[in-house]
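Working notes, structure below.
The values are calculated or read from the model by the stated rules, or taken from the named source; none is laboratory data. On a predicted model such as this, the values are computed, not experimentally measured, just so you know. Here the Cβ positions follow ideal geometry from the backbone for every residue, glycine too, while neighbour counts run over all protein chains shown.
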Amino acid sequence: MKKRIAVIPGDGIGVEVIAEAVKVIHASGAVVETTQFDWGANRYLADGVTVPADGFRMLGRDFDAILVGAFGDPRVPSNIHAKEILLGMRFQMDLYANVRPVRLLDASLCPLKGVEPKDVDFVVIRENTEGSYTDAGGVFKHGTPDEIAIQEDINTRKGVERIIRYAFDYCERHTKSDGTQRKQVLMSDKSNAMTHAGGLWQRVFKEVGEEYPQITSQHMFIDALCMQIVRDPRQFDVIVTNNMFGDIVTDLAASLQGGLGMAASGNIRPEKTSMFEPVHGSAPLIAGENIANPFGAILTGAMMLNHLGIANESGKIEAAVLEAVRQKKTTQDIGGSLSTQQAGDWVAKHLG
Ligand code: NAD
Ligand code: IPM
Ligand code: MN
């Protein structure tokens with residue numbers, strides 16, 4: 001059956017890289033139907049609409065998956081459209097697991113000395129519906145010397161438990177690129193300073209971990225984790241953390257893969273319409289130049305196809321990107337000399 005994909009390119013380089021991802025998906029022979037939506041800064045500036053009425057319900061009802069570019073435009077300094085569209089999708093469609101694989105395709109892409117592809121092969125499972133992203137809080141005595149700004153960090157038992165369980169289930173069901181079983185889940189928090197939230201994460205992690213005796217449970221404070229990821233990425237397998245720490249640590253981890261232009265992600269709600277997007281943003285400084293790296297978006301497309309059960313075509317896309325990297329048929333950020341479109345074309349023409 002033809003899978004229906006909603007495509008929301010968004011702003012800046014999101015538009016450029018998603019065009020390449022869609023091109024490659026169709027070239028792979030995947031039996032899908034794509035429908036484009038113009039949600040983003042231009043639409044907002046034209047008619048004030050961020051998400052059309054009933055938009056999220058429509059996505060969940062009419063589509064099997066959503067492919068998204070990025071949101072962020074200097075003409076919308078409040079970033080309201082990004083908040084309403086991107087965080088809106090994550091929160092209102094309850095896409096609670098943000099799955100961000102960190103895989104090095106070729107040693108030449110990694111800034112660390114002596115690190116090979118097999119050494120960087122972990123996944124960050126980021127809580128995606130609560131934490132400090134809920135917008136709970138407010139500003140009191142705005143603009144006065146007595147101003148108070150409060151940004152709450154919301155951690156529910158349900159939210160913490162389901163993301164930790166997702167991480168253990170993911171570990172149980174996935175192998176590394178070399179075919180070996182994943183076997184360790186590391187929970188990262190800041191429970192030494194943020195004791196209320198961290199205490200809940202610690203207790204739930206221990207409880208859920210006991211249900212998976214074959215998986216090793218480990219813990220690391222988030223500051224130490226950042227240091228260790230750079231010092232020796234070999235130690236990591238599945239990492240689970242909260243919304244904000246997951247945001248930060250995945251940009252750091254992207255640099256081990258060759259930069260933000262290489263990193264893919266899925267915003268998953270099991271059994272429901274899920275959303276896939278590259279980890280990077282709209283990169284306004286390079287937007288419109290046809291130089292953005294489309295591989296993060298293309299690999300995101302492959303991740304989406306795999307999620308939809310279109311595994312063969314997904315594998316072909318991943319293999320073609322790997323070959324492009326090996327042959328330096330890439331954009332400048334990772335050492336090649338191709339434009340965004342040329343890099344996308346190369347992958348589309350080398351799908352085996
Ligand atoms: P960014 O990811 O857009 O860019 C960070 C740096 O990485 C820049 O130097 C950029 O040129 C480079 N970069 C990013 N993607 C690249 C690619 N595909 N190829 C080559 N280089 C690439 O992050 P930022 O600069 O912090 O944010 C810019 C805007 O994007 C902001 O409005 C921000 O809020 C938004 N943003 C949106 C998302 C999203 O929609 N998912 C994610 C992150 C940032
Ligand atoms: C990401 C982005 C978003 C986030 C921003 C644009 C709100 O940085 O998807 O990583 O913080 O989640
Ligand atoms: Mn981010």
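The set of residues from segment 206-242 being of a type outside the set (A, V, I, L, M, F, W, C) and not in a helix (DSSP H, G or I) comprises GLU211, TYR212, PRO213, GLN214, THR216, SER217, GLN218, HIS219, ASP232, ASP237, THR241, ASN242.
Residues in segment 298-319: is at least one small (Gly, Ala, Ser) and within 16 Å of ligand 3 (Cβ to nearest atom)? Looking for residues that are small (Gly, Ala, Ser) and within 16 Å of ligand 3 (Cβ to nearest atom), one finds none in segment 298-319, hence no.
Number of residues in segment 275-288 that are under 21 Å from VAL321 (Cβ atoms), surrounded by fewer than 24 Cβ atoms within 10 Å (Cβ to Cβ) and away from ligand 3 (no atom under 13 Å from the Cβ) equals 1. Report, ordered by the first and then the second residue, all pairs with beta carbons closer than 9 Å, sequence separation of six or more or different chains, a first member in segment 150-168 that is farther than 16 Å from TYR133 by Cβ, and a second member that is assigned to a strand (DSSP E or B) and of a type in the set (Lys, Arg). Here the result reads none, with nothing in segment 150-168 linked to a residue that is assigned to a strand (DSSP E or B) and of a type in the set (Lys, Arg). Contact map, segment 76-87: first residue at pLDDT below 95, second residue in a helix (DSSP H, G or I) and surrounded by 18 or more Cβ atoms within 10 Å (Cβ to Cβ), Cβ cut-off under 7 Å, separation 6 or more or different chains; the map is empty.
Which residues, counting only those in segment 235-273, are polar (S, T, N, Q), within 15 Å of ligand 1 (Cβ to nearest atom) and in contact with a strand residue (DSSP E or B) (Cβ under 9 Å, 6 or more places away or on another chain)?
From segment 235-273, those polar (S, T, N, Q) are 235, 241-243, 250, 255, 257, 265, 267, 273; that's our starting set.
Those still in the list that are within 15 Å of ligand 1 (Cβ to nearest atom) too: 243, 250, 255, 257, 265, 267.
Hits for segment 235-273 are ASN243, THR250, GLN257, SER265, ASN267.
Cβ-Cβ distances below 7 Å connect the following pairs, each with a first residue in segment 12-35 that is within 22 Å of GLY261 (Cβ to Cβ), a second residue that is of a type in the set (Asp, Glu) and buried (at least 21 other Cβ atoms within 10 Å of the Cβ), and a separation of six or more residues or different chains: GLY12/ASP73; SER28/GLU313.
Taking (1) assigned to a helix (DSSP H, G or I); (2) in contact (Cβ under 8 Å) with a residue 40 or more places away in the chain in turn, SER188 satisfies each apart from (1). Restricting attention to segment 243-270, the residues that are assigned to a helix (DSSP H, G or I), more than 14 Å from ligand 3 (Cβ to nearest atom) and within 30 Å of THR156 (Cα to Cα) add up to 0.
The residues of segment 277-298 that are more than 6 Å from ligand 1 (Cβ to nearest atom) and within 11 Å of the chain's Cα centre (by Cα), listed by number, are PRO278, VAL279, ALA297.
So that you can scan it fast, the table gives a plain yes or no per residue for (1) more than 21 Å from VAL321 (Cα to Cα); (2) touching a strand residue (DSSP E or B) at 6+ places or on another chain (Cβ under 6 Å):
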residue: PRO101; (1), (2): no, yes
residue: LYS113; (1), (2): yes, no
residue: PHE122; (1), (2): no, yes
residue: GLY137; (1), (2): yes, yes
residue: ILE148; (1), (2): yes, yes
residue: ASP178; (1), (2): no, no
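Looking only at segment 172-186, filter to residues that are closer than 22 Å to GLY198 by Cα and within 19 Å of the chain's Cα centre (by Cα); which one of those is surrounded by the most Cβ atoms within 10 Å (Cβ to Cβ)? Only one residue fits best here, namely VAL185. Within segment 45-103, the residues that satisfy the criterion of being within 21 Å of LEU285 (Cβ to Cβ), more than 16 Å from ligand 3 (Cβ to nearest atom) and either under 15 Å from the mean Cα position of the chain (by Cα) or of a type outside the set (D, E, K, R) (or both) are LEU45, PRO74, VAL76, PRO77, SER78, HIS81.
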